[in-house]
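Right, one structure below, let's go through it.
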Amino acid sequence: MINFKVTFPKIIIIFLIATVLFSSCIQQQSTRKKINLNDKWVFFYPETGNWYEAEVPGNIHTDLMKHGLISDPFYDTNSGEMSWIADETWRYRRDFTISNEFYERNLEIVFEGLDTYTDIFLNGKKIGETENMHKKWVFSIADSLKQKENRLEVVIYPSKKINAEKFAEAGIAIPDNRVFTRKAQYQYGWDWAPDFETSGIFKDVYLNSWVKLRMTDVNIEAELITDTVAFMVANIELESENYYNGDIHIISPHNEFDTLYQKLEIFEGKHTYQVEFPVKNPRLWWCNGLGEQKLYDVKIQVGTKFRIEEKNVKIGIRNIEFHSDKDSTGQNFYFILNGIPVFAKGANWIPADYFNGRNSYSNYKQLLELAKDANFNMLRVWGGGIYENDEFYNICDSLGIMIWQDFMFACAMYPADEKFSGNVEEEVAYQVNRLFNHPSVVLWCGNNEVSNGWFDWGWQKQFDLTYQDSLKIWNDYIKIFRQIIPNTIAKYDKKRKYIDSSPTYGWGHKESCTHGDSHYWGVWWGMEDFDMYYNKTGRFMSEYGFQGFPQISSLKKFIPEDSLFLYSTSLKTHQKHPIGFETIREYMGRNYFIPDNFDEYVYTSQVLQAEGVQKAFDAHLSAMPYCMGTLFWQFNDCWPVISWSAVDYYKIPKALYYFAKNSFKDIHISVIDKKEEKPEFFITNHRTKDIDGTVILKQIDFFGKVIFTDTIQMIIPKSKAVEVHFSDYLKSIFTRDSYKVFGVLELVDNSSMLPLAQRSFTISENKQLVLPEAEPQITTHKKDNYWEININSNVFIKNLYLYDNDSEGIFSDNYFNVLPGQTKTITYKPKNKVENLNLSYLSINQINYQRLGILFNILK
């Protein structure tokens, strides 16, 4: 690296002459030229011997489907008929011409994403091969490109066959031979995804030409941030054919900081030049909930007497600290943003579409706006998927959603031979450099559950490993995750921290509750009760969850009408967990009446999922600052499936989404309801100021009669959870007659006398609640692009779920309790414009009354 530094007092002087010098440069043009090659591709289908139009970016499955050569892989049981596609070799080609103006000394072709093993030919000559879908591939074409007609061909080989060959050489693959290929691991099948092993040209393809000089990269970081100035450093990578005298301009297109001008010696070859510049009175980038997401546009121009090169970069000025330090309890795990400790609220993110070529700005934006609206401030990009497209991170920057970024390794032991290690190093270097400028990216993590799997999942016994085998496999782990990856990161990113694996300890170890981050799967995998969430709260909960069905309206899109019943072959096709149905039913039977009606069963599964995970939310939030993060599994789906997601493949929220949205507000009331114990109440304050408030506790019967009320005056400190200490006598009242009463806890601001938070709750299990028959009074009012809906009831309604029979859309809240005598107001935004709403509803009242109606009438 060649460093060029300007002391800041000189900048004002330099700026006075900058415009004169700059004006002489801007008359020159860049030598770089680019030709997009995304269109006019075709692919060869061996069965017919014909070529068909292909989409780039795209995947072979979507190309085949477009021409009717296969059925929709997502519909019905079609996914079971697709295995042959992964066994084929696929050929893509494109013809193109170029102009004389494009033809320069330095010519290259760029593939932003190829999945995965390919040979690439230009005019019959092999110009390169690929073996990693997680990096960009660039090949020189100076000897192959013609000035007139050209033919580009990409031959894609089946990874299944190559994996088998590599396994034959290695002799060991844990847990299977997917480990040999740098391909999205979920594409080999997961407990929420089918095994399609798709392939294709799933990102952009283009030609580059340049002569004399080009700017290849710009990374900008904050060296020091104060209230009055941020000292920034631009790392500018240039590639030059010769030595030149030049200059650099760093410009704010919107005049948000002074232009910096500096003379520059440009050396032959590829070098990085470091330039400092100040931003006065910086506006900081904050995560969702803490402040604005200020982004600065920065223009970098490098000029010589013959040319000017230019790049535009968008940055956020922020200071992120990650702490994982030993303390009196064990080892903490938390983030500090701009001096403020942040409780991370969010979920794990998997690919937005199984077929990555279909990822789009619109797709990302809809999902990420749902996350923001649910008060998320963090998503963990899970290590068995993909490094998402640039649009994903751009949107996260703009919405204030921090990103925990896994590298793409998951639940397996990976080889570390020279070739594989080199491949990994190139991948890491590319991705770290690509994502550098995004303020949303706050942490690098080497893998998902690889260390956990090695020590806790019995692989040594399962695969009959010798001591020598085990030693080699663990040494390979150390080489990749504790040497290659962190050492490569250190070359490009000295600010963000790195951890080698998540979780720190597996959930079977007591340290999982005291050290680092934790994946708690005692609920679901361990079949433990939801109440165990209260006892298994670690320092940062980075995985936990439970399954729930998608909405009926979503199910109808991929399940035929005659298969919309439990355990149909079609439905089973879309449940990838080996005992998923059994696990849902087991937990449902513990807490709820199991409906015979399929629609009611789907609804109950969502309430089960949401109320079960709610106990985790309450446990984690009430433990702040001991626990400083809760990221549930999982936010989204990559295909239509019964899964742990809060939002289904069609972007329709489940009940879990709304429970998360309410739990992740800046003030949260937790109700810790352990069986056979008195309830405990906590208030969590995420704000940066203390709250002086009044806490009101009420017990009310299902018809609205207040049985008792109590109030407490208290201060809720900033960035902390505190217990609300009502008397044991009052708490014990909730265990009496709990089958026919509910509680309300409310926090009122003492200065404004306005309510800050409210939580209604029941103590008994759902199937013990003798709920009255309920018919809510619903009124609707049409607004510009949404509907306002008011709900009233003269009785308590539990988990009221509203849906429109004629449209799909997003409700601002759903699956909520309706309190007698109180109006609940929500909004509904249909995906398409509608003139009228045709609303229907379901509630726990309806299901319980079918079973307990006679008892209710006796008690009444």
Simple spin-label estimate for Tyr567/Arg687, 7 Å along Cα→Cβ, in nm, reads 5.3
Sulfur and carbon atoms: percent of accessible area, the chain [1.4 Å]: 48
Within 10 Å of each candidate Cβ there may be at most 14 other Cβ atoms; applying that plus a DSSP loop requirement, which GluC sites (Glu not before Pro) in region 132-183 survive? none
Please work out the C-alpha center-to-center distance from region 495-565 to region 376-423 and express it in whole Å. 19
Measuring from the longest principal axis of the C-alpha atoms of the chain, the long axis of helix 390-399 (C-alpha) lies at a number of degrees, nearest 10, equal to 50
When the helix-only estimate is applied to the chain (DSSP H runs of n ≥ 4, each -39,500 (n - 2.57), divided by the residue count), what is the mean residue ellipticity at 222 nm, nearest 500 deg cm²/dmol? -6500 deg cm²/dmol
Quick shape check on region 773-815: root eigenvalues a ≥ b ≥ c of the Cα gyration tensor, a/c under 1.5 is rounded, otherwise prolate if a/b tops b/c, else oblate, and it reads prolate
Using alpha-carbon positions, the gyration tensor of region 431-540 gives root eigenvalues a ≥ b ≥ c; with a/c under 1.5 called rounded, otherwise prolate if a/b exceeds b/c, else oblate, the class is oblate
The list (1) 29.3, 95; (2) 27.3, 93; (3) 26.5, 81 gives values of Rg and Dmax of the Cα atoms in Å, and only one came from this structure; which label was calculated from it? (1)
Dipole magnitude of the chain about its Cα centre, charges +1 at Lys/Arg Cβ and -1 at Asp/Glu Cβ only, in debye to the nearest 20? 1500
Write out the GluC sites (Glu not before Pro) in region 260-304 meeting two conditions: DSSP loop, and at most 11 other Cβ atoms within 10 Å of their Cβ. Glu268, Glu292
Lys pairs, region 768-860 - Cα-Cα below 29 angstrom, 8 or more residues apart or on other chains: 16
For Gly545, other-chain or 5+-apart residues with amide H closer than 5 Å (H placed, Pro excluded) are Trp633
What's the angle, to the nearest 10 degrees (0 to 90), between helix 598-622's Cα axis and the longest principal axis of the chain? 80
Return the sequence-ordered ³J(HN,Hα) values of region 694-710 in whole Hz as given by the Karplus equation 6.51 cos²θ - 1.76 cosθ + 1.60 applied to θ = phi - 60°, using x for Gly and Pro. 10, 9, 10, 10, 10, 10, 9, 7, 5, 9, x, 6, 7, 8, 7, 9, 9
Give me the net charge of Ser209's neighbourhood, meaning all other residues with Cβ under 11 Å from the Cβ of Ser209; Lys, Arg count +1, Asp, Glu -1. +2
Less than 21 Å apart at the alpha-carbon level, and either on another chain or at least 8 residues along: which lysines does that give for Lys491? Lys5, Lys135, Lys136, Lys270, Lys419, Lys479
Search the structure for amide H atoms under 5 Å from the amide H of Lys720, placed 1.01 Å from N in the peptide plane, and list their residues when 5 or more places away or on another chain. Asn685
At what distance in angstrom do the alpha carbon centres of region 603-619 and region 671-696 lie from each other? 19
Once phi is turned into θ = phi - 60°, what whole-Hz ³J(HN,Hα) does the Karplus curve with 6.51, -1.76 and 1.60 give for every residue of region 78-88, x standing for Gly and Pro? 4, 4, x, 9, 10, 4, 5, 4, 6, 8, 8
What percent does the relative contact order of the chain come to when contacts are Cα pairs within less than 8 Å and at least six residues apart? 9
Residues of the chain: accessible area per residue at 1.4 Å, in Å²? 40
For a label point 7 Å along the Cα-to-beta-carbon line of Lys294, residues of region 222-257 with backbone N under 18 Å: 222-233, 251-257
Filter the trypsin sites (Lys or Arg not before Pro) in region 766-830 down to the DSSP loop ones having no more than 15 other Cβ atoms within 10 Å, then list what survives. Lys783
For region 236-367, what relative contact order do you get, as a whole percent, if you take Cα pairs closer than 8 Å and at least 6 residues apart? 18
Give me a comma-separated list of calculated 3J(HN,Hα) values for region 227-242, in order, Karplus coefficients 6.51, -1.76, 1.60 applied at θ = phi - 60°, integers in Hz, x for any Gly or Pro. 5, 9, 7, 10, 8, 9, 10, 9, 9, 10, 9, 10, 10, 9, 7, 8
Assuming 0.36 nm per residue, please report the length gained on full extension of the stretch Asn36 to Glu788 beyond their Cα-Cα distance. 266.1 nm
Going by a ≥ b ≥ c, the root eigenvalues of the Cα gyration tensor, does region 295-436 fall in the rounded group (a/c under 1.5), the prolate group (a/b larger than b/c) or the oblate group? rounded
Listed peptides 603-609, 791-797 by packing density, highest first (mean Cβ within 10 Å): 603-609, 791-797
Relative packing of 436-446, 72-82, 810-820, which averages over residues the other C-beta atoms within 10 Å, highest first: 436-446, 810-820, 72-82
Long-range amide H contacts for Ser645: which residues qualify at under 5 Å (H placed 1.01 Å from N, peptide plane, sequence gap of 5 or more or a different chain)? Gly548, Gln634
What is the sum of charges around Ser643, taking Lys and Arg as +1, Asp and Glu as -1, for the other residues whose C-beta is under 11 Å from the C-beta of Ser643? -1
Burial-style ranking of 623-636, 351-364, 569-582, average other-beta-carbon count within 10 Å with highest first, yields 623-636, 351-364, 569-582
What is the spin-label model distance, in nm, from Ile172 to Asn312 if the labels are put 7 Å beyond Cα along the C-beta direction? 5.3
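The values are calculated or read from the model by the stated rules, or taken from the named source; none is laboratory data. Bear in mind that the values here come from a model prediction, so they are computed numbers and not experimental data. Here Cβ is always computed from backbone atoms with ideal geometry, including for glycine, and neighbour counts include all displayed protein chains. Each accessible area value is taken on the protein alone, full model and side chains, heavy atoms only, with ligands, DNA and RNA left out. Shrake-Rupley method; radii C 1.70, N 1.55, O 1.52, S 1.80 Å.
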